[in-house]
Amino acid sequence: LDPSMIGQRSPWALLRAKSRHPETLSFIDRHLTSQSLRTMNRPSGITLLSVLWIFGGFLAIGGLALMPRRLWEGFQRIGYSELRVYLYFGTLSLVSLGGGIGMLSGRRWGWWLVLVSMAYSFGKDAFVLEQTPSLVEHLNLPAQKAAAQYGKVGMRLAINALLFWYFFTDTVDTYFNFASGSRLRRFRILFGIAAGTFLIMAGIGAVAG
């Protein structure tokens, strides 16, 4: 058993390996202890958000599987093809499930999946908020509906901003074992990836739409 591969093996696989490869006992025991301590030290906020992300992933899958025909027709009326809807909900479900599971197990890639999806959502909502005045004017929406639109998008932006702050706190950095002083670099990488994702999704939407 290659000790460098221990961090990529599940606890059950490591327990089986202990009986087959006694020479790796100390490596495996240290890794299992580290995983147990990480689970015990998992912040309650991470646990709650992980469960919500996993639930959201299953919800996206269920919504796609059980979507009524009337809703499909509504998507088509606004220019969304079935392929575009499948791509959106499929990507959403995979990112949500992967991010939630990764965060529960203390994996950094779980943090990255969740934060990239949040950055994408933040950018999308900011774009919608910027376009809202022209949308209100074009559709001649009453003041009450316009205020509701501003409030809805503004609330999503505020919640995302609070979550961003939480994911960059010392408690979360310690849980995911991020190096000190890496926040600015992670922040830049994060929004670079999110911008690229936004452009890719827009391009796919233009081709598939």
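The values are calculated or read from the model by the stated rules, or taken from the named source; none is laboratory data. Note that the structure is predicted; figures quoted are calculated from it, not measured. Glycine gets a Cβ as well: all are built from the backbone with ideal geometry, and neighbour counts include every protein chain shown. Just the protein is used for accessible areas: all its heavy atoms, side chains included, with ligands, DNA and RNA removed. Shrake-Rupley method; radii C 1.70, N 1.55, O 1.52, S 1.80 Å.
Of note:
- Inter-label distance for F168 and I200, nm, one decimal - labels placed 7 Å from Cα along Cα-to-Cβ: 2.3 nm
- Radius 13 Å from Cβ of Q131, net charge of other residues (Lys, Arg +1; Asp, Glu -1): -2
- Fraction of accessible area attributable to carbon and sulfur, segment 81-188 (%, probe 1.4 Å): 67 percent
- Ordering of 110-118, 173-181, 188-196 by burial proxy (mean other Cβ atoms within 10 Å per residue, highest first): 110-118, 188-196, 173-181
- Residues of segment 112-133 with amide N under 16 Å of the 7 Å Cα→Cβ point at A146: 129-133
- Each residue of segment 101-107 was assigned a 3J(HN,Hα) from its phi angle through the Karplus curve 6.51 cos²θ - 1.76 cosθ + 1.60 (θ = phi - 60°); the sequence is 5, x, 5, 4, 8, x, 8 Hz, with glycine and proline shown as x.
- Charged neighbours of F167, selected by a Cβ distance under 11 Å, balance to +1 (K, R count +1; D, E count -1).
- Estimated FRET transfer efficiency (T91, V51; beta-carbon r; R0 30 Å; 0.05): 0.90
- Rounded FRET efficiency, nearest 0.05, which uses the C-beta distance separating F127 from I101 and R0 of 30 Å: 0.50
- In this structure, L71 and S44 have a Cβ-Cβ separation that, at R0 = 35 Å, corresponds to a calculated FRET efficiency of about 0.45.
- Area accessible to solvent at T47, 1.4 Å probe radius, in Å²: 40 Å²
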